[in-house]
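Scroll down for the structure; my scribbles are underneath it.
We did not get these values from a lab; they are worked out from the coordinates using the rules stated. As the structure is a prediction and not an experimental result, all values here were calculated from the model. With ideal geometry, Cβ positions are generated from the backbone for all residues, glycine too; neighbour counts draw on all protein chains shown.
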There are 2 protein chains.
Amino acid sequence: MASSTPSSHPSPEHIFQTLNAHQQTAALKAAIELDVFTAIDEGNHRAEDIANFVNAAHRGVRILCDYLTIMGFLGKDEGKYSLSPDAALFLSKRSPAYMGTIVGFMANEAHHQNLARLTEAVRRGGTASDKGDNLAPNDELWVSFARSMAPLMVPPAMFIAQLVRAQDAQPIRVLDIAAGHGTFGITIAKQNPKATITAVDWPAVLEVAKENAIHAGVADRYTAHAGSAFEANFGDGYDLVLLTNIFHHFDKETCVQLMKRVHAALQPEGKAVTLEFVPNEDRVTPATAASFSLQMLIGTNAGDAYTFAEYREMFRQAGFAKNTIHPIPAMPEQVIVSEKSH
Amino acid sequence: MASSTPSSHPSPEHIFQTLNAHQQTAALKAAIELDVFTAIDEGNHRAEDIANFVNAAHRGVRILCDYLTIMGFLGKDEGKYSLSPDAALFLSKRSPAYMGTIVGFMANEAHHQNLARLTEAVRRGGTASDKGDNLAPNDELWVSFARSMAPLMVPPAMFIAQLVRAQDAQPIRVLDIAAGHGTFGITIAKQNPKATITAVDWPAVLEVAKENAIHAGVADRYTAHAGSAFEANFGDGYDLVLLTNIFHHFDKETCVQLMKRVHAALQPEGKAVTLEFVPNEDRVTPATAASFSLQMLIGTNAGDAYTFAEYREMFRQAGFAKNTIHPIPAMPEQVIVSEKSH
């Protein structure tokens, strides 16, 4: 976002661009589905060569690649396309950091259906989805999330593991609430051979987390605990509780209720670690974090992108005396660390 | 477009923003449908007052207005929203230049359906729409276009009227091909009381043009001629032929064929005036003109945003000796003037 700067004198161009912005989503989705970025990374630079590689028409690939160039994902020089640093790292299947799978969640038709009802959602003040609030137990959406979004979570998971000094290799018990793909707990377990992880989520989602734990070689220290974050018996005495991308779905009262359960599950020196989109007090900066609230308007009854002041107050009500916020380099989310004792 | 500049070190943020870009389209559409901009222009500046005015929920309006602020259509200061210059001029119904109607064409569900099939369109090299190429006779799309898009055409129509010196009030005969809403011919007729206009389009579309001619008080000098641009008998001896937003739908051969018919319809000193999205030779700048080709990939079998060199060559083949290009201040399209004689 923070898209094109409006020009100094009034012009319909910004309006025109904005009403066409859905083309950007569709173009990046199509390029990922066709594997255009991998094609270029494999040494195909001209539209006709890329078209041959991805088995598509020359006209289609030429127009798509020009559009990707306009968006900044490709360079173009004398008719030859090249990958931007972002595209090379995240969108070519030759890269270990490939995250093209995220289109499966972010640009799926269910999202479009919710977006198409935004006017009605604004009228109601909450989702106008046929299916209602997307927090229903076992919602297929969360399996799709777990299968698609893990690669986007690698940088924040690495950041959190470093923040909690996982490499110090102290024995720690970690509770990962609404674990999803499991990336956050698994990353700590990989770095710390004495860490044990308990992951809580809906049963179908936990299947994905368990697969990922096996793949990461930490399955022997990984316990999947099916149930709701609001009802499951977490146990107690945890050193660390992970709360990644969960609070934004709820109203404040519900967030406090969840954080009280977290408080009870932690040992006295324990910490809760929250990953969230946290806008500034003005709620309009930084752009990506602030705009996340629209996603919550579309999909939930009462979720939001809360400010740090709001989180601090909610967590204080739940008994956490000290809360600190930590930006993640080059990522839109931030980490809040909450300590029971001062 | 030319959306957020990719950061200097790789980050998934630009990918994340792009996959969410369809939210921008939905948010502006919702704001126009709810008439949020008029509400603010009427003196409602806080979310709760705007919500009351537009009969929507406080949470919904607050989140939507924050998002509109992030996009640059609103300002926000101490919880009070204000209109950007663009929004005040083009999106408040209190403004004579209001163009909110364009959402009816630009962000309708048919467009989304075509966009949702972009991957298939790239494979085929042309539209993957159920309805096929959108050039079928009498396509409802063009009635929707004529009813929705006229306000966006006012600045280019004024520019063209000035370019052809309509205010000199010489008697001129004008042929407006694929007239749509009729704005281009009607604007000349309003400025030049000795101008007569012949408008060609499908019958249902011409009804819109005729309504607009009556509304503008020029109906007595306005003739509607139903038919295809490729088959209708235009007559001849015209001083001016208007070709606004038509060539981009066709392949080059078809453009030449149309321009030959235009050549035959003009008197020896006559001029053809083309309004088009004309990218530079690199086909990736300027952003709005260059990205228009994606729209043609989605909706047509062979349309494109042609460069000036391509238009010059096509028009030369059709017999036009001299072709000059004229940028329109603060608008994404340009005007090409083609003269029969040197």
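In nm, one decimal, shortest first: how far is the label point of residue B:230 (7 Å from Cα along Cα to beta carbon) from the matching points in the other copies?
6.1
Which whole-number percent gives the relative contact order of segment A:251-304, counting Cα pairs below 8 Å spaced six or more residues apart?
On the way: 27 pairs, mean separation 14.0, N = 54.
Rounded, it is 26 percent for segment A:251-304.
Around residue A:322, which amide H atoms from residues at least 5 apart in sequence, or from another chain, sit under 5 Å from its own amide H, with H modelled in the peptide plane?
Correct list: A:339.
Using only the alpha-carbon atoms, how far is helix B:252-265 inclined from the longest principal axis of chain B? Give it as 0 to 90 degrees, nearest 10.
Compared with the principal axis, the helix lies near 50 degrees.
Per-residue mean of other chain beta-carbon atoms within 10 angstrom of the beta-carbon, peptide B:29-35? If you can, show how the numbers build up before the last one.
On the way: counts 7, 11, 3, 3, 5, 5, 0.
Mean shielding by partner chains, rounded to a whole number: 5.
Using the Karplus curve 6.51 cos²θ - 1.76 cosθ + 1.60 with θ = phi - 60°, what ³J(HN,Hα) values do you get for each residue of segment A:304-311, in whole Hz, with x for Gly and Pro?
6, 9, 7, 7, 5, 4, 5, 4
Round to the nearest 0.05 the FRET efficiency obtained for residue A:267 and residue A:113 when R0 = 41 Å and r is the Cβ-Cβ distance. Mind showing how you got there, number by number?
Values: r = 44 Å, r/R0 = 1.08.
Calculated transfer efficiency: 0.40.
Given H placed on each backbone N at 1.01 Å, which residues far from residue B:198 in sequence or on other chains put an amide H within less than 5 Å of it?
Answer set, sorted by chain and number: B:174, B:175, B:176, B:223.
To the nearest 0.05, how large is the calculated FRET efficiency for residue B:251 and residue B:154 if R₀ is 35 Å and r is the Cβ-Cβ distance? The partial results should precede the final answer.
Details: r = 30 Å, r/R0 = 0.87.
Calculated transfer efficiency: 0.70.
Please give the charge dipole size of chain A, origin at the Cα centre, charges +1 on K and R Cβ atoms and -1 on D and E Cβ atoms. Round to the nearest 20 debye. Show your work: numbers first, answer last.
Working: 28 positive and 37 negative charges, 78 e Å.
The calculation lands at about 380 debye.
Quick one: net charge of residue B:340's neighbours, Cβ under 10 Å, K/R +1, D/E -1? Intermediate values should be presented prior to the final figure.
Numbers: positive: B:271, B:322; negative: B:269, B:339.
So the environment of residue B:340 carries a net charge of 0.
Given only helices, namely DSSP H runs of n ≥ 4 each adding -39500 (n - 2.57), what is the per-residue ellipticity at 222 nm of chain A, to the nearest 500 deg cm²/dmol?
Roughly -13000 deg cm²/dmol at 222 nm, from the helical runs in chain A.
Segment B:1-81: which GluC sites (Glu not before Pro) are DSSP loop and have at most 15 other beta-carbon atoms within 10 angstrom? It would help to have the intermediate numbers written out before the result.
Numbers: sites: B:13, B:33, B:42, B:48, B:78; in loops: B:42, B:78.
Sites meeting the loop and neighbour criteria: B:42, B:78.
Amide H neighbours of residue A:74 under 5 Å, at least 5 residues apart or on other chains, H built in the peptide plane: list them.
It is A:69, A:84, by chain and number.
Looking at chain A, send over the antiparallel percent of its DSSP beta bridges, to the nearest 5. Mind showing how you got there, number by number?
On the way: 17 of 38 bridges.
The antiparallel fraction comes to roughly 45 percent.
Return the tail of the calculated pair distribution for chain B, meaning the percent of Cα-Cα pairs more than 27 Å apart. Display every interim value, and only then the final one.
Values: 29749 of 58311 pairs.
Value for chain B: 51 percent of Cα pairs lie more than 27 Å apart.
Return the sequence-ordered ³J(HN,Hα) values of segment B:270-281 in whole Hz as given by the Karplus equation 6.51 cos²θ - 1.76 cosθ + 1.60 applied to θ = phi - 60°, using x for Gly and Pro.
In residue order, the calculated couplings are x, 10, 9, 10, 10, 10, 8, 7, 10, x, 5, 4 Hz.
Going by how many other beta carbons lie within 10 Å of each one, how would you line up B:80, B:340, fewest first? It would help to have the intermediate numbers written out before the result.
Working: B:80 14, B:340 17.
The fewest-first ordering by Cβ neighbours comes to B:80, B:340.
Every other copy gets compared here: list the nm distances from the residue A:154 label point (7 Å along Cα to Cβ) to its counterparts, shortest first, one decimal.
Here the equivalent label points are 5.2 nm apart from this one.
In whole Å and largest first, what semi-axes does the C-alpha gyration tensor of segment B:161-241 yield when each eigenvalue is scaled by 5 and square-rooted? Write out the running numbers ahead of the final one.
Numbers: eigenvalues 74, 43, 17 Å².
Three semi-axes, in Å: 19, 15, 9.
Over segment A:1-142, what lengths in whole Å, largest first, do the semi-axes of the equivalent ellipsoid take, defined as the square roots of 5 times the eigenvalues of the alpha-carbon gyration tensor? All intermediate terms of the calculation are to be shown ahead of the outcome.
On the way: eigenvalues 200, 99, 32 Å².
Semi-axes from the Cα gyration tensor: 32, 22, 13 Å.
Along the Cα-to-C-beta direction of residue B:211, a point sits 7 Å from the Cα; which residues of segment B:138-167 have their amide N less than 12 Å from that point?
Only B:143-150 pass the distance filter.
Need one value for A:326-336: mean number of C-beta atoms belonging to other chains within 10 Å of its residues' C-beta atoms. Write out the running numbers ahead of the final one.
Numbers: counts 0, 0, 0, 2, 7, 4, 5, 0, 0, 0, 0.
Average neighbour count from other chains, rounded to a whole number: 2.
So what are segment B:189-279's ellipsoid semi-axes, whole angstrom, largest first, if each one is the square root of 5 times an eigenvalue of the alpha-carbon gyration tensor?
Values: eigenvalues 101, 51, 35 Å².
Working from the Cα gyration tensor, I get semi-axes of 22, 16, 13 Å.
Counting every Cα pair in segment A:221-342, what percent are over 19 Å apart?
Cα-Cα pairs in segment A:221-342 separated by more than 19 Å: 47 percent.
Suppose you put the label 7 Å out from Cα in the Cβ direction; list, shortest first and in nm with one decimal, how far residue B:280 is from each other copy's label.
Values, ascending and in nm: 3.3.
From the Cα gyration tensor of segment B:75-163, with a ≥ b ≥ c the square roots of its eigenvalues, which class applies: rounded if a/c is under 1.5, or else prolate if a/b is larger than b/c, or else oblate?
Details: a/c = 2.67, a/b = 1.57, b/c = 1.70.
Taking the square roots of the gyration eigenvalues as a ≥ b ≥ c, segment B:75-163 is oblate.
Applying the Karplus parametrisation 6.51 cos²θ - 1.76 cosθ + 1.60 with θ = phi - 60° to the phi angles of segment B:85-91, what ³J(HN,Hα) value in whole Hz is obtained for each residue in order, glycine and proline being reported as x?
Coupling constants for segment B:85-91: x, 4, 5, 5, 7, 10, 10 Hz.
Taking Cα atoms of the protein assembly as shown, Rg/Rh with Kirkwood Rh, to two decimals? Before the final figure, lay out the partial values.
Details: Rg = 28.3 Å, Rh = 27.2 Å.
Across the protein assembly as shown, the Cα-based Rg/Rh ratio is 1.04.
Any chance you could count the Lys pairs in chain B whose alpha carbons are under 15 Å apart, treating pairs 8 or more apart or on different chains as valid?
Step by step, the pairs that qualify in chain B add up to 9.
In nanometres, what is the gap between the two model label sites at residue B:282 and residue B:165, each 7 Å from Cα along Cα-to-Cβ?
Computed distance between label sites residue B:282 and residue B:165 equals 3.8 nm.
Starting from 0.36 nm per residue, how many nanometres of slack lie between residue B:101 and residue B:341 once their C-alpha separation is accounted for? List each step's numbers first, then the result.
Values: separation 240, 0.36 × 240 = 86.40 nm, distance 4.04 nm.
Stretched fully, the residue B:101-residue B:341 segment lengthens by 82.4 nm.
In what order do B:186, A:336 fall by count of nearby beta-carbon atoms within 10 Å, going from fewest to most?
A:336, B:186
May I ask for the net charge around residue B:192, where only other residues with Cβ less than 13 Å from the Cβ of residue B:192 are counted and Lys, Arg are +1 while Asp, Glu are -1? Before the final figure, lay out the partial values.
Numbers: positive: B:165, B:173, B:190, B:194, B:221; negative: B:168, B:239.
Charge balance in the 13 Å sphere: +3.
Percent relative contact order of segment A:12-76, based on C-alpha pairs within less than 8 angstrom and at least six residues apart?
Numbers: 33 pairs, mean separation 16.6, N = 65.
Once normalised by length, the contact order is 26 percent.
For each of B:266, A:89, B:163, count neighbouring Cβ atoms within 10 Å of the residue's Cβ, then give the residues from fewest to most. Kindly include the intermediate steps, with their values, before the conclusion.
Working: B:266 24, A:89 19, B:163 16.
In order of increasing Cβ crowding within 10 Å: B:163, A:89, B:266.
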